[in-house]
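To start, the structure itself, in C-alpha cells.
What follows draws every value from the coordinates through simple rules; no lab data is involved. As the structure is a prediction and not an experimental result, all values here were calculated from the model. Glycine also receives a Cβ, built like all others from the backbone with ideal geometry; neighbour counts cover every protein chain displayed.
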Amino acid sequence: MDSNQVTSYQAFEVTEQDDGSFAQAIVTKDVPSLKEGHVLIKVEYSAINYKDALSSTGNKGVTREYPHVPGIDASGTVLSSSSDEFKAGQQVVVTGHDLGMNTDGGYGQVIHVPESWVHSLPEGFSTQDAAVLGTAGITASLCIDKLLMTGIGPESGPVLVTGATGGVGSIAVALLVDMGFEVYAVSGKADQHERLRALGVTEVFGREELSESNKRPLLKGRWAAAIDTVGGVPLENILKSLMPQGTAAICGLVSSPALAMTVFPFILRGINLVGIDSAEVSSAKKAAMWAFMQEHSSILQGYQDWVTPITLDQLPEYIDRILKGGAAGRTLVKVS
Ligand code: NDP
C-alpha cells in the first residue's frame, strides 16, 4: 500500500444513530492528504484496550464526536511523511495521545497523526509484538516505574496485581515476575489461576478477597506494593493493607472510579498512592518505557497463551467481552 497509489482504506467505524444508539460497521474511507508535521501510517496491528471498548460503544467521556474510528494503539509502516524523522517504509508504533479518542485510530488501515505521537519500532520487536504490548504494556511499565521511583524493589516484599488476567494486569504480572518480584494476583477468572501460577505468581486470589467494604481505617499490612487496575472498594482494601512506606500504582476503574476512605494509611504508614496516565505521558518517557520492555522482551515468549488474534469484523464480539470483564490477556487486532 503506497499513499500515492491508494486513495481509500477499510475501517471499523462507530456512528451515532438518530435514536441515540451507536452502530458499528466496516466502511471505506478516503486516505487524508498529508498535513505539515504529520505522518500517514499503514496500520498492520491494533489491540483492544478497555478505553477502545468504551469509545466503540459511544462513551462520550472518551470520544466526544461520532462518526469515529476507535483504536488507541497502532503499529505498522510509514506510507508518507512530512517529518524529517520518519521515512516511507519505516516501521513505527503509536499509542495513546488522542489516537482512537477524537482522532481516527488503529481500527482503520490508515492513520494520519502528528509526528510527535510516532515512535520507531523498538529494535527486536515486530509490529505484532508492539501491538501486543501497546498501551497495556506502556501502562504496566509506567506503574512499575513509579513503584521503583518510590523506592520499591524486589527486596521490599510481595506485590499485588489486580485485574491480573486483563491487558495491563497480564503484562504487569509478567514484567514483575521477570524482575524477580514476589507477585500475588487477584483474578475473577478461576480457569486462569493455574496459568498465572505457571507464570510465576505465588498465589492467586478470587475478586472476593478485596470486594468487601470494611469500615476499619487500617487492615493488616500485607503488600509492599500493588498495581491496581480496578479502583473502588478493592483499591480501598489494598491501600489499607499496604505495609509501611508501601506504594500503590493505580491506572484503572473497571470496578469503580470511587475511593471512599480515611487518610490514616497515608499518615500512619507513610504509604504512597501514585497515578498513571499513559496517554499523555511525554514522548521521552514513552520511549524509555519501550526500552524497558525491550529489556524484558522474554515476557513475549509463548504469548500465544495470552494473546487472542482477531480481525476487524470480529471486533464487536470481543469489545462486548472486554466490557463484561471477560477478556483474558490481550486481544490483537490484525488490521491489514
Ligand atoms: P481489561 O478489560 O483487559 O482488564 C481489566 C481486568 O479487570 C479484567 O480482565 C478482569 O480481570 C478485571 N475486572 C473486570 N471487571 C472487574 C470488576 N467489576 N471488578 C474487579 N475486577 C474486574 O482492561 P485493560 O487492561 O485494558 O485496562 C484495565 C483498566 O486500566 C481500565 O480501567 C482501563 O481504563 C485502565 N487503563 C488506564 C490507563 C491509564 O493510562 N491510566 C491505560 C490503560 C488502561 P480478572 O478477571 O483477572 O479479575
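Relative to the longest principal axis of the Cα atoms of the chain, the long axis of helix 167-178 makes an angle of roughly 60 degrees. Distance between the modelled labels on M243 and D98, one decimal in nanometres: 4.6 nm (7 Å Cα→Cβ projection). Debye-formula intensities of the range 224-310, expressed as log10 I(q)/I(0) at q = 0.13, 0.16 Å⁻¹, are -0.61, -0.83 (one equal scatterer per alpha-carbon, no solvent). Peptides 72-84, 149-161 ranked from most to least packed give 72-84, 149-161, packing being the mean of other C-beta atoms within 10 angstrom over each peptide's residues.
Each stretch of four or more DSSP H residues adds -39500 (n - 2.57); spread over every residue of the chain, this sum gives -8000 deg cm²/dmol at 222 nm. Measure out, as a whole number of angstrom, how far apart the alpha-carbon centroids of the range 152-198 and the range 223-288 sit. So the separation of the two Cα centres works out to 16 Å.
Across the options C143, G89, G100, the greatest Cα extent toward the positive end of the charge dipole of the chain (unit charges at beta carbon of Lys, Arg, Asp, Glu) belongs to C143. Residue pairs exceeding 32 angstrom between C-alpha atoms, taken from K87/K146; K220/K285; K29/K87: K87/K146; K220/K285.
Summarising the strand pairing of the chain, around 55 percent of its internal DSSP beta bridges are antiparallel.
Using only side-chain charges placed at the Cβ, +1 for Lys and Arg and -1 for Asp and Glu, the dipole size of the chain relative to its Cα centre rounds to 1020 debye.
The C-alpha atoms of the chain define a longest principal axis, and helix 127-149 lies at about 40 degrees to it.
Normalised by the number of residues in the chain, the mean separation of alpha-carbon contacts (under 8 Å, six or more apart) gives a relative contact order of 18 percent. A simple spin-label model places pseudo-atoms 7 Å from Cα toward Cβ; at N59 and L268 they are separated by 3.5 nm. Size descriptor for the chain, Kirkwood hydrodynamic radius: 20.4 Å (Cα pairs only, one decimal).
Highest average first, the peptides 17-30, 202-215, 114-127 ordered by how many other beta carbon atoms sit within 10 Å of their residues are 114-127, 202-215, 17-30. The DSSP beta bridges internal to the range 201-336 are antiparallel in roughly 0% of cases. The DSSP beta bridges internal to the range 1-127 are antiparallel in roughly 95% of cases.
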